[in-house]
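Structure, as structure tokens:
Just so you know, all these numbers are worked out from the coordinates, no wet-lab data involved. Only a predicted model underlies this, so the values are computations on that prediction, with no experimental measurement involved. So basically every Cβ, Gly included, is an ideal-geometry build from the backbone, and we count neighbours across all protein chains shown.
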């Protein structure tokens with residue numbers, strides 16, 4: 001088993017945006033890397049457009065939940081989801097937020113905004129905001145911290161999961177790479 | 001190397017069932033338990049297992065089917081959410097007395113929080129009331145192990161066994177090791193034994209005595225005895241945990257540097273609590289902190305309450321989920337360790353709402369037009385969100401829309417000017433618990449309108465089929481029961497079916513139904529349009545009516561307030577409505593709602 005530091009991430013958005021899908025991709029990537037993993041997910045009524053939240057813990061943990069001020073990073077698929085969940089972040093953590101305007105930089109943390117709605121429109125795939133955000137997060141956080149996986153690892157898992165659906169596979173990879181390139185180009 | 005797979009807690013439970021030769025699995029969907037049965041069905045398909053899996057009409061029927069299977073000598077299981085167990089409580093209490101022939105598991109998923117339930121009730125109390133043992137898993141991996149443990153326990157003592165996962169187990173994912181699936185040759189053999197399977201009160205007394213003896217023996221069963229997780233720790237005090245609170249506590253004790261300092265016991269079987277363990281705790285420790293969700297079941301069984309810090313002593317919260325940050329404070333206080341409180345700002349969250357294009361939205365809009373001053377009893381499902389439109393006044397429990405409508409009618413019937421009553425209930429909920437109430441309303445001639453929101457699915461819990469779907473959990477074809485025929489069979493004379501998407505016609509129909517109900521008696525309108533989450537993009541295209549906002553829009557906000565479609569919102573200056581093309585599914589219903597006719601078709 002690969003030795004890594006324990007890592008905790010929060011992924012949030014509103015019901016229907018695909019928070020669960022990218023949480024699961026990251027969790028399966030952890031397994032691909034031979035790492036123990038826990039997630040906690042929101043199901044039920046909140047999935048009808050309410051705020052949803054996933055916890056992802058990679059490494060040696062027993063509990064599926066992250067405590068406030070313990071998360072290493074946050075992916076917010078909506079600006080209001082960031083406001084609701086930023087208290088999970090610890091100092092020196094990162095967050096990528098889907099937002100029109102760039103939010104102010106907060107002390108000790110790197111908060112990076114991206115207009116994923118606009119990018120989704122550009123690639124004509126309205127439902128791909130989640131993968132654009134994931135690609136963007138990989139580009140930004142992959143450098144900044146000791147992330148448990150690389151974008152190549154994620155692409156492998158994405159391809160495995162969507163092997164039976166060529167169309168969706170193609171558009172999903174495109175969305176992921178759009179977010180990734182955006183993150184690298186900035 | 002054994003295969004490790006990322007599994008949802010509910011999938012791990014399902015895997016545990018098939019690995020251990022479960023031959024009959026039944027359920028009624030309910031968050032957080034819904035995915036258990038569909039995961040069993042997926043395993044059944046993938047591994048070509050000979051077993052029976054089914055969604056039952058409600059939890060009581062699901063329980064009875066699975067229970068009968070176990071007395072023929074097949075391993076079986078029934079799964080449900082905690083309030084579903086209320087519905088199944090009648091057979092539960094009786095089955096505890098009669099016992100089992102082969103392993104029988106009742107999986108009842110609790111929802112501390114609550115996240116998606118009416119109550120935070122603790123199923124373990126139901127196990128205590130029924131006098132059956134209950135196992136309390138802390139993670140998906142342990143939930144899977146407890147299936148094996150549960151079947152062994154059930155067969156060792158001929159007793160039904162409850163497995164009680166909570167939301168944080170059901171909806172956690174974890175890497176779980178897969179074991180081999182045991183291919184059991186299923187040989188059902190029902191041996192007649194009427195003194196037991198149809199026992200009269202005289203023999204029930206005998207069965208009750210046997211049950212008490214079983215419980216005594218189970219309180220000494222080694223396989224389910226509590227675990228001391230850190231034998232190296234020696235102290236005058238100890239901490240006792242169970243369920244997901246055990247998972248949080250293990251992690252916290254390590255992080256806080258207390259792992260080697262205070263003994264941590266994990267209870268696997270909260271009821272009956274092991275006798276030797278009780279004695280050991282009370283004899284060998286001065287103070288004991290007990291952390292469990294949601295009622296103090298373990299605590300209740302420890303006689304010397306002066307020693308126990310828990311829910312009864314007021315130290316542990318009795319309401320709400322025991323989040324790790326709450327447990328951190330409890331442990332720090334108990335161990336006299338410094339703790340800096342976390343002060344979290346309350347951020348107003350986004351409230352859930354019906355999906356864009358949801359047919360229920362059209363139905364609720366029409367109901368408010370047809371009976372603006374009515375009383376609106378409603379029920380459990382997505383359509384509970386009719387609250388947002390002021391079109392839902394009450395939500396009690398499955399099927400109560402109809403019973404409560406009758407209650408409102410009888411309370412008001414002698415008034416000179418009595419309010420119209422329009423009740424709403426989903427198709428699946430109508431089948432589950434609405435039918436007896438409707439028959440009662442016919443008998444008592446309750447003057448009300450019942451709108452059955454027939455979206456052809458059980459939407460809230462993930463689009464499971466209903467008895468009207470004609471399809472089962474394996475996608476196998478089944479018989480379908482026609483809702484209109486059922487309504488008429490209940491004795492209702494006025495029953496009309498219409499599509500709420502045809503909003504103007506639907507409002508007219510509802511007005512007629514209200515007129516009928518005032519003069520004659522119960523009127524039923526079946527509002528039929530498929531759930532937008534359950535139809536293909538091609539089907540959706542077939543009725544698509546793209547709309548746009550015309551320049552006449554003056555930003556009055558009527559549509560945003562009274563229709564609350566996620567695709568419609570006011571611009572920043574609140575001068576005009578904007579349409580979100582990402583969310584709009586082009587249902588076209590909003591064409592009929594703008595008082596200024598400023599929502600218009602894209603194509604003239």
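The Rg/Rh ratio for segment B:4-223, using Cα coordinates for both the radius of gyration and the Kirkwood hydrodynamic radius, is 0.95.
Report the calculated FRET efficiency for residue B:511 and residue B:338 (r = Cβ-Cβ distance, R0 = 60 Å), to the nearest 0.05.
Working: r = 67 Å, r/R0 = 1.12.
The computed FRET efficiency comes out at 0.35.
In which sequence would A:45, B:398, B:146, A:133 go, from the one with the fewest C-beta neighbours within 10 Å to the one with the most?
A:45, B:398, B:146, A:133
Among B:385-397, B:367-379, sorting by the average number of other beta carbon atoms lying within 10 angstrom of each residue, highest first, gives B:367-379, B:385-397.
Counting only Cα atoms, the size of chain B along its three principal axes is 80, 64, 58 Å, in decreasing order. Here the protein assembly as shown has an Rg and Dmax of 27.5, 84 Å, counting Cα atoms alone.
Can you give the convex hull volume per residue for the Cα atoms of segment B:225-334, as a whole number of Å³?
Working: hull volume 9.6 nm³, N = 110.
Convex hull volume per residue, Cα atoms: 87 Å³.
Placing a pseudo-label 7 Å from each Cα along the Cα-to-Cβ vector at residue B:220 and residue B:200 gives an inter-label distance of 3.5 nm.
Return the average number of partner chain Cβ atoms within 10 angstrom of each residue Cβ along peptide B:244-257.
3
Considering helices alone, the calculated mean residue ellipticity of chain A at 222 nm is -12500 deg cm²/dmol, with DSSP H runs of length four and up weighted by -39500 (n - 2.57) and normalised per residue.
Measuring from a point 7 Å past the Cα of residue B:373 along Cα-to-C-beta, which residues in segment B:508-530 have an amide N at less than 19 Å? Inside the label zone: B:511-519.
Using only the alpha carbon atoms of segment B:435-593, find the Kirkwood hydrodynamic radius as the inverse mean reciprocal pair distance, in angstroms to one decimal.
One decimal place: 18.3 Å for the Kirkwood radius.
Between the Cα long axis of helix B:35-46 and the first principal axis of chain B there is an angle of about 80°, rounded to the nearest 10. Rounded to whole Å, the principal axis extents of the Cα atoms in segment A:7-185 read 40, 38, 37, largest first.
Could you tell me how many degrees, from 0 to 90 and to the nearest 10, lie between the Cα long axis of helix B:400-412 and the main elongation axis, the longest principal axis, of the Cα atoms of chain B? Between the helix axis and the principal axis of chain B, the angle is about 60 degrees. Using bins of 5 Å that start at zero, the share of Cα-Cα pairs per bin across segment B:359-535 amounts to 1, 9, 19, 23, 22, 14, 7, 3, 1, 0, 0, in whole %.
Counting only alpha carbon atoms, the long axis of helix B:503-519 and the longest principal axis of chain B meet at about 80°. Taking the square roots of 5 times each eigenvalue of the Cα gyration tensor of segment B:540-601, largest first, gives ellipsoid semi-axes of 19, 12, 10 Å.
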